[in-house]
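The values are calculated or read from the model by the stated rules, or taken from the named source; none is laboratory data. Keep in mind it's a predicted model, so treat the numbers as computed, not measured. All Cβ positions, glycine included, derive from the backbone under ideal geometry; neighbour counts span all protein chains shown. Surface accessibility is based on the protein's heavy atoms, side chains included, excluding ligands, DNA and RNA. Shrake-Rupley method; radii C 1.70, N 1.55, O 1.52, S 1.80 Å.
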Amino acid sequence: MPLSADPLSTDVLVIGGGPAGSAVAARLAHAGHDVTLVEKRAEGRHKSCGDLLSPRAVAELSRLDIDPMSFGGHAIQGVRMVYRRQRADAPWPEHRDMPDHAVVIRRDTLDEQLRRRARDAGATVLMGHEATAPISDRGFVRGAMMTLVDGTVRNVTARFIVVADGASSRFGRVLGTSRQRRWPYAIAARTYFSSPRHRDAWVETSLGLSDPHGNPVAGYGWVTPMGDGNVNVGVGVLSSYRDIKGLNTLKLLTAFSEHVAADWGLDPTQSLKPPTRLRLPIGGSVGPKMGPTFLVVGDAAGAANPFSGDGIDAALMGGRLAADVLDEALTTGNSTTLQRYPVVVAEEVEAYRKVGRLSARFLGRPAILKPALRLATRSDATMGAVLRIATNALRDDNTAGGAERAYRLASLAAKFAPSW
């Protein structure tokens, strides 16, 4: 084994350089704390996502003084929902806390900008450092052993740890995190194609995907115009689909690409990158979210939206809440403050997540999915309501409409349902 590199010591060690980890690092460094962010890859990478920043994600980024339009983002007005022969354009819902547009930006570009924000705030950012084992002191996690890309080992000790190493979260598993097996998860696959419609201002979402036997699948396909000559084409499926173990999402992606090829002017045989596939825990399905000296955020905590599978806005929100809790713990010297983190997360989104998990379970049944799709797509108004629920852009009581009434009924049902 190569000789160890010089050890490091820091107030907070953040493991994972994606949106959640970078948001925590940037906020804590800005508050004057000593923060070290480690990312196992020496360079950024693409992920199996749609590259879409929802209005909620754009709002979270603005809190970090980041404007994705300033580094090549492409503005999106709303979602074009497609079901069989029906099409409807649903603009992003009006909401006092969010902008009226989304932004498309490649994920590797977003991650690098967030890490740059953390560096500019004063955080130490170390690329090519993989956290392989915790360092413990009297039973408490006090850092991590790092393996560098050249095989060198380095120890980083810290008062607190933030676990933000993604959906597979090897470090989280070592600390005892696990997914609730009864709760649904999502599987996504995506690739890129050249398209003359790359500057369209609408993301196209196709509901009612079918398996090879023609049965409806609990999921959707998307085409996201990138504004750079290309489109992101992908599919996402919920594990509540009854034949999920026999479903090949890469084949489903191929079939969907062929289906949209004519409309988008793309050649389904000429993808620009090999398709990538990701299994994603959703709806807060991973726990525990904290220990005496650590917090778990983003995809490592299964934080993705249970309706849409969108994980970026949840990661940024979780990073913000985690940073607030850690700032208080560091400022007061009281580590028990970390116990507030699961509470503040639950106050923010747990009711919404439970409705989403319950909905995902029922939509996996064809007898429920088919009429639900017909109901959801019967008019522009109902499609707009679906979008408000799916993106958690529900209005307050003064401007509530059909989406809010439907959500309240579902929320009431969820209260009496098991903890799905």
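Looking at region 182-229, the trypsin sites (Lys or Arg not before Pro) that sit in a DSSP loop and have at most 11 other Cβ atoms within 10 Å of their own Cβ are Arg182. The equivalent ellipsoid that matches the C-alpha gyration tensor of the chain spans semi-axes of 36, 24, 21 angstrom, in descending order. Farthest towards the positive end of the charge dipole of region 270-351, among the residues Leu280, Ala304, Pro292, is the Cα of Leu280, using unit charges on the Cβ of Lys, Arg, Asp and Glu.
Cα centroid separation, region 78-143 to region 185-219: 21 Å. Between Ala31 and Arg279, full extension at 0.36 nm per residue minus the direct alpha carbon distance yields a gain of 85.8 nm. Over the residues of the chain, the helix contribution to mean residue ellipticity at 222 nm works out to -10500 deg cm²/dmol, using -39500 (n - 2.57) for each DSSP H run of at least 4. Between the C-alpha center of region 295-325 and that of region 9-29 there is a gap of 14 Å.
Per residue, the average separation of C-alpha pairs within less than 8 Å and at least 6 apart gives the chain a relative contact order of 19 percent.
Classification of region 54-146 by its C-alpha gyration tensor yields a prolate form. The axis ratio a/c (a ≥ b ≥ c) is 1.5 or more, and a/b outweighs b/c.
Annotation note: GluC sites (Glu not before Pro) in region 14-68 located in DSSP loop regions with a Cβ neighbour count of at most 12 within 10 Å are Glu43. Across the accessible surface of the chain, with the other protein chains kept in place and a 1.4 Å probe, carbon and sulfur atoms take up 50 percent. Placing a label point 7 Å from the Cα of Ser411 along the Cα-to-Cβ line, the residues of region 280-317 whose backbone N sits under 19 Å from it are 283-284, 305-308, 314. Note on Asp380 and Glu347: the model spin-label points, each 7 Å out from Cα along the C-beta direction, lie 4.0 nm apart. For the chain, the solvent-accessible area with a 1.4 angstrom probe is 44 square angstrom per residue. Estimated at 0.36 nm per residue, the fully extended path between Thr332 and His259 surpasses their Cα-Cα distance by 20.5 nm.
Once R0 is set to 25 Å, what does the formula 1/(1 + (r/R0)^6) return for the Cβ-Cβ distance between Met145 and Arg45, expressed as a FRET efficiency to the nearest 0.05? Here the calculated transfer efficiency is 0.60.
Length gained on full extension, Ser194 to His213, computed as 0.36 nm times the residue gap minus the Cα-Cα distance: 3.9 nm. Using the Cβ-Cβ distance between Arg85 and Thr132 with R0 set to 56 Å, the FRET efficiency from 1/(1 + (r/R0)^6) comes to roughly 0.60.
A simple spin-label model places pseudo-atoms 7 Å from Cα toward Cβ; at Arg119 and Gln270 they are separated by 3.6 nm.
When you filter the trypsin sites (Lys or Arg not before Pro) in region 221-256 for DSSP loop state and at most 16 other Cβ atoms inside 10 Å of their Cβ, you are left with Arg242. Here r is the Cβ-Cβ distance between Arg96 and Ser4 and R0 is 45 Å; the resulting FRET efficiency, rounded to 0.05, is 0.30. With both labels modelled 7 Å from their Cα along Cα-to-Cβ, the Val153 to Arg242 distance reads 5.3 nm. Peptides 150-159, 354-363 ordered by packing proxy, namely the average of other Cβ atoms within 10 Å per residue, highest first: 354-363, 150-159.
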